[in-house]
1. Right, LEU191: at pLDDT 85 or above and out of contact with any helix residue (DSSP H, G or I) (no Cβ under 9 Å at 6 or more places or on another chain) or not?
2. How many residues does segment 87-106 contain that are open to solvent by 60 Å² or more (accessible area, probe 1.4 Å) and either without any contact (Cβ under 8 Å) to a residue 12 or more places away in the chain or not in a helix (DSSP H, G or I) (or both)?
3. Does LEU37 satisfy being at negative phi and either touching a Gly at 6+ places or on another chain (Cβ under 6 Å) or surrounded by fewer than 20 Cβ atoms within 10 Å (Cβ to Cβ) (or both)?
4. For segment 74-86, how many residues meet the condition of being open to solvent by 40 Å² or more (accessible area, probe 1.4 Å) and touching a residue at least 12 places away in the same chain (Cβ under 8 Å)?
5. Being closer than 14 Å to PHE189 by Cα and surrounded by fewer than 20 Cβ atoms within 10 Å (Cβ to Cβ), is that true of even one residue in segment 52-71?
6. Which ones in segment 220-244 are under 20 Å from GLU101 (Cβ atoms) and at pLDDT 75 or above?
Amino acid sequence: MDVAEVLWLLGAGTLAGVVGTVVSLASIVSYPALLALGLPPLAANVTNTVALTFHGVGAALGSRPELAGQGSRVVRLGGMTLLGGAAGAALLLATPSTLFEAIAPWLIAAASLLLVLPPKVGRGLGGEDGWGARAAMFAVALYIGYFGAAGGILMFAVLSAVLDQTPVRVNALKSVVSSLANAVAMIGFALFGPVQWAAVVPLAAGFFLGGLLGPPIARRLPGRALQLGTAACGLAVAVKLGLDAYA
């Protein structure tokens with residue numbers, strides 16, 4: 001990769017890391033950035049997932065005040081997200097790449113709309129240790145392992161429904177448990193997927209930096225304007241990918 005491409009991915013990763021922390025939609029920034037460099041959709045997706053793992057590391061370091069006292073909860077909830085992430089990665093690798101290319105525009109469009117109309121999850125999930133909560137977290141983690149755009153929004157909705165915590169503490173927990181789903185998917189993609197490692201390094205560095213910068217911004221920034229702007233950009237990306245896939 002040349003210097004311009006490295007700087008492009010470093011900047012995109014940093015912006016995506018901040019967006020991922022504040023509005024849980026990092027892939028809407030990073031995935032199109034990889035496509036813009038000419039990567040095929042499947043390769044862009046697995047490369048993005050591998051790099052995205054480092055966002056969780058940065059977000060965990062930047063969210064230490066919010067994560068204080070939640071270590072045991074991370075362990076309990078993280079097991080289910082690890083299983084779901086592994087299942088999602090296996091599903092992606094076992095299905096034709098043309099299937100992913102066909103449904104990716106719809107996934108991005110749905111993810112963008114979730115920013116404007118966030119899901120409301122009922123409290124009939126039985127608490128954080130109930131089977132309903134575990135099933136919901138597994139399903140969200142499976143989606144994160146398969147593609148992941150807006151997976152953070154879905155995870156935040158589930159955790160908000162089962163935890164009696166402030167939103168900022170739920171958001172910090174969301175970043176960590178979602179990153180576990182990415183981490184286990186990363187292992188599968190690294191072994192069996194078409195990962196573009198030259199792109200992973202600058203993108204991962206940007207994700208890590210954005211993860212560090214995001215939590216202080218999330219504490220202070222009213223996110224509605226950023227949500228609407230990100231949603232509009234996401235819908236534009238979905239239309240472009242849809243035209244490429246179906247035209």
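The values are calculated or read from the model by the stated rules, or taken from the named source; none is laboratory data. Since the structure is predicted, the reported quantities are computational estimates derived from the model, not experimental observations. Ideal geometry is used to build each Cβ from the backbone, glycine not excepted, and the neighbour counts take in all protein chains shown. Keep in mind that these areas ignore ligands, DNA and RNA; they rest on the heavy atoms of the full protein, side chains included. Shrake-Rupley method; radii C 1.70, N 1.55, O 1.52, S 1.80 Å.
1. yes
2. Of segment 87-106, the ones open to solvent by 60 Å² or more (accessible area, probe 1.4 Å) are 91, 93-94, 96, 98-99, 101, 106.
Next, from what is left, pick out any that are either without any contact (Cβ under 8 Å) to a residue 12 or more places away in the chain or not in a helix (DSSP H, G or I) (or both): 94, 96, 98-99.
Going through segment 87-106 one residue at a time, the tally reaches 4.
3. Numbers: at negative phi: yes; either touching a Gly at 6+ places or on another chain (Cβ under 6 Å) or surrounded by fewer than 20 Cβ atoms within 10 Å (Cβ to Cβ) (or both): yes.
Yes: the conditions hold for LEU37.
4. First pass over segment 74-86, keeping only residues open to solvent by 40 Å² or more (accessible area, probe 1.4 Å): 75-76, 82-83, 86.
Those still in the list that are touching a residue at least 12 places away in the same chain (Cβ under 8 Å) too: 76, 82-83, 86.
Final tally of qualifying residues: 4.
5. Kept after step one, since they are closer than 14 Å to PHE189 by Cα, are these residues of segment 52-71: 52-53.
Now drop any that are not surrounded by fewer than 20 Cβ atoms within 10 Å (Cβ to Cβ), which leaves none.
No, that holds for no residue.
6. LEU235, ALA236, VAL237, ALA238, VAL239, LYS240, LEU241, GLY242, LEU243, ASP244
Okay, residues lined up against (1) modelled with pLDDT of 90 or more; (2) surrounded by 24 or more Cβ atoms within 10 Å (Cβ to Cβ):
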| site | (1), (2) |
| --- | --- |
| VAL170 | no, no |
| LYS174 | no, yes |
| ALA198 | yes, no |
| PHE208 | yes, no |
| LEU213 | no, no |
| ILE217 | no, no |
